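Take a look at the structure set out below.
The values are calculated or read from the model by the stated rules, or taken from the named source; none is laboratory data. Only a predicted model underlies this, so the values are computations on that prediction, with no experimental measurement involved. Glycine also receives a Cβ, built like all others from the backbone with ideal geometry; neighbour counts cover every protein chain displayed. With ligands, DNA and RNA removed, areas are computed over all heavy atoms of the protein, side chains included. Shrake-Rupley method; radii C 1.70, N 1.55, O 1.52, S 1.80 Å.
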Amino acid sequence: ITGGKLTPEMKDEIRKGIPLNRLGDAIDVARIYLFLASDLSAYVTGAVIDVNGGMLIH
């Protein structure tokens, strides 16, 4: 999303607010889509799934 515009210092600062201690990648979002398209999510309805490494749980 940021298109390479974040400096290493900016990334470190963002990482401090993420419990998983890493920035997300496109594969993290892709895995949610894979889960929702699979039988593993057969009983999931009306869910909102945040792919944010826990950044919003504070």
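Quick notes on this one:
- For the stretch 1-57, a simple Cβ point-charge model (Lys and Arg +1, Asp and Glu -1, everything else neutral) yields a dipole of about 100 debye relative to the Cα centre.
- Mean separation of Cα contacts under 8 Å (6+ apart) over length of the chain, as relative contact order %: 43
- Surface per residue (accessible, 1.4 Å probe) for the chain, Å²: 88
- Of the trypsin sites (Lys or Arg not before Pro) in the chain, those whose Cβ has at most 14 other Cβ within 10 Å and which sit in DSSP loop: Lys5, Lys16, Arg22
- Carbon plus sulfur fraction of accessible area for the chain, probe 1.4 Å, in percent: 61
- The chain: angle of helix 26-37 to the longest principal axis, Cα-based, in degrees nearest 10: 10
- Label corresponding to P(r) over Cα pairs in 5 Å bins from 0, in percent when calculated from the structure given, among [x] 4, 18, 30, 26, 16, 6, 0; [y] 4, 16, 20, 21, 17, 11, 7, 4, 0; [z] 4, 22, 35, 24, 11, 3, 1: [y]
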